[in-house]
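Below is one structure, written out as structure tokens; the observations come after it.
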Amino acid sequence: MPYQPEWYNPEKSIIRVEVNGVVTWDEWYEMIDKLFEMLGSVSQEVSIIYDDKVGMPKGNPMPHLKASTEKLTSHSNLGIIVTVGARRVSGVVETMVDVMMRAYRMDTTHYGGFVDSMDEALKLIEASSKKTQANKNRA
């Protein structure tokens with residue numbers, strides 16, 4: 001399977017999805033179901049890192065990304081979702097995702113964006129977790 005979701009840390013607060021090989025939307029949905037299951041197996045906040053080495057499957061990604069984002073964001077313990085690309089994801093793809101999120105009026109609370117390295121992704125997640133914790137402490 002080209003999508004390999006695994007717990008990144010022993011605390012089970014980060015899921016890393018390694019993406020390799022030839023990808024299809026059917027496999028994408030299998031992976032989303034697995035992520036949904038993993039999110040439901042714990043009570044703490046969980047962020048997701050797509051460590052993408054190949055890009056998206058062929059075809060229009062808009063309906064697929066919309067459906068999968070809506071499914072994942074229905075979990076109350078979802079943190080942020082960050083995509084890491086060894087070769088920076090083109091500005092066109094980033095723009096397309098941004099347009100899709102605005103056009104569908106999607107919740108951007110969980111959108112961590114695109115970064116160049118795992119280190120950057122982990123820093124974003126750490127900052128987001130601190131912000132979430134600070135907001136909980138204020139409530």
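The values are calculated or read from the model by the stated rules, or taken from the named source; none is laboratory data. Quick caveat: nothing in here was measured; it's all calculated off a predicted structure. Heads up, the Cβs are rebuilt from the backbone with ideal geometry, glycines too, and the neighbour counts pull from every protein chain shown.
Miscellaneous remarks
- Scanning the stretch 1-43 for residues that are among the polar types (S, T, N, Q) and in contact with an Asp or Glu (Cβ under 6 Å, 6 or more places away or on another chain) gives a single hit, 4.
- Close pairs from the stretch 100-129: first over 17 Å from residue 14 (Cβ atoms) and of a type in the set (Asp, Glu), partner modelled with pLDDT of 70 or more and surrounded by 13 or more Cβ atoms within 10 Å (Cβ to Cβ), Cβ under 9 Å, at least 6 apart: 107/69; 107/73; 116/84; 116/85
- The set of residues in the stretch 67-82 being under 15 Å from residue 31 (Cα atoms) and out of contact with any His (no Cβ under 6 Å at 6 or more places or on another chain) consists of 67, 68, 69, 70, 71, 72.
- Hits in the stretch 5-24 - residues which are within 17 Å of residue 41 (Cα to Cα) and in a strand (DSSP E or B): 5, 6, 7, 14, 15, 16, 17
- Residue satisfying all of: in the stretch 19-28; touching a residue at least 24 places away in the same chain (Cβ under 8 Å) and either out of contact with any Phe, Trp or Tyr (no Cβ under 8 Å at 6 or more places or on another chain) or among the hydrophobic types (A, V, I, L, M, F, W, C) (or both); surrounded by the fewest Cβ atoms within 10 Å (Cβ to Cβ) among these: 22
- Evaluation of residue 31 against (1) buried (at least 19 other Cβ atoms within 10 Å of the Cβ); (2) of a type in the set (A, V, I, L, M); (3) at pLDDT below 95 (one fails), failing number: (3)
- Residues that are of a type outside the set (Val, Ile, Thr) and under 19 Å from residue 127 (Cα atoms) were ranked within the stretch 11-33; the one that is farthest from the chain's Cα centre (by Cα) is 11.
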